[in-house]
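Readers should treat all values here as calculations from the given coordinates under stated rules, not as data from a laboratory. Keep in mind that this is a model prediction, so the values were computed, not measured. With ideal geometry, Cβ positions are generated from the backbone for all residues, glycine too; neighbour counts draw on all protein chains shown.
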Amino acid sequence: MRHNKHRATLGVTREHRAAMLSNLGASLIKHGRIQTTLTKAKALRPFIEKVITKAKKAAAKTETKDAIHLRRLAHRDIRDEEAVKLLFTEKHKDFANRPGGYTRIYKLGARISDAAEMALIELVPADDPGYKKKSRKNAAKAKKAAKTTTPKTADLEATEPEVTESKTVDPKAADPEADPSSSAETPAPEVPPASAPPRAAAAPSSGEPAAKTSAAEAPAPEAPSAAEGEAKKD
């Protein structure tokens with residue numbers, strides 16, 4: 001039974017697995033990043049990080065024999081003298097201020113031929129800031145803030161062209177003295193017509209005779225009585 005055996009066997013023998021990880025580790029040290037399957041990348045991560053830790057310890061050693069011993073242990077895992085020399089002389093300086101986590105894995109999706117999950121594993125650069133994990137509360141607050149700010153920004157973007165149009169002023173309209181024709185050409189503002197009061201009878205002026213009044217407005221003559229008519233006949 002394989003209780004507490006968390007190491008991936010990769011479907012090969014022990015000797016084959018050791019040689020495979022050795023080749024993958026040497027390629028990673030030389031090139032900085034390699035593309036392989038996700039299972040192999042996860043198996044390579046603890047393998048190569050232990051070798052990098054040995055290189056950091058060898059650089060901190062004061063005695064030469066201790067540094068040589070760590071270098072031989074690393075050469076037992078990485079069977080490439082050129083890669084081990086590069087790691088112990090140059091590459092270990094990139095991880096001097098990093099207590100761990102020397103590699104990073106990116107998932108690339110499934111491979112077309114056999115649908116195997118592919119991944120990209122790389123050595124983390126020295127000036128990499130890394131990723132900060134956000135708590136669930138902070139993530140929920142950020143989502144709420146984004147939802148509340150998006151309509152405000154949309155309203156501001158919608159009102160921006162209107163504000164710019166109101167600010168544009170015609171120089172001729174701003175200075176009517178410079179161009180006198182502008183005041184004549186600009187029409188007067190329209191005033192809504194007020195309800196006209198009922199016409200009243202115009203009183204005749206002092207200079208006009210009373211005969212000019214209209215026949216409709218002149219008083220009708222009174223009919224003579226019967227007694228006055230008989231007196232006129234006599």
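Can you pull out every residue in segment 124-141 that is closer than 14 Å to ARG33 by Cα and touching an Asp or Glu at 6+ places or on another chain (Cβ under 7 Å)?
If the condition is that a residue be closer than 14 Å to ARG33 by Cα and touching an Asp or Glu at 6+ places or on another chain (Cβ under 7 Å), then PRO125 is the only one that fits.
Report, by residue number, each residue of segment 10-31 that is assigned to a loop (DSSP other than H, G, I, E, B) and loosely packed, with under 13 Cβ neighbours inside 10 Å.
If we filter segment 10-31 for residues that are assigned to a loop (DSSP other than H, G, I, E, B), which is where we start, we get 10-13.
Matches in segment 10-31: GLY11, VAL12, THR13.
Could you please find all residues in segment 35-66 being touching a residue at least 40 places away in the same chain (Cβ under 8 Å) and within 11 Å of THR103 (Cα to Cα)?
Result: ALA41, LYS42, LEU44, ARG45, ILE48, GLU49, ILE52.
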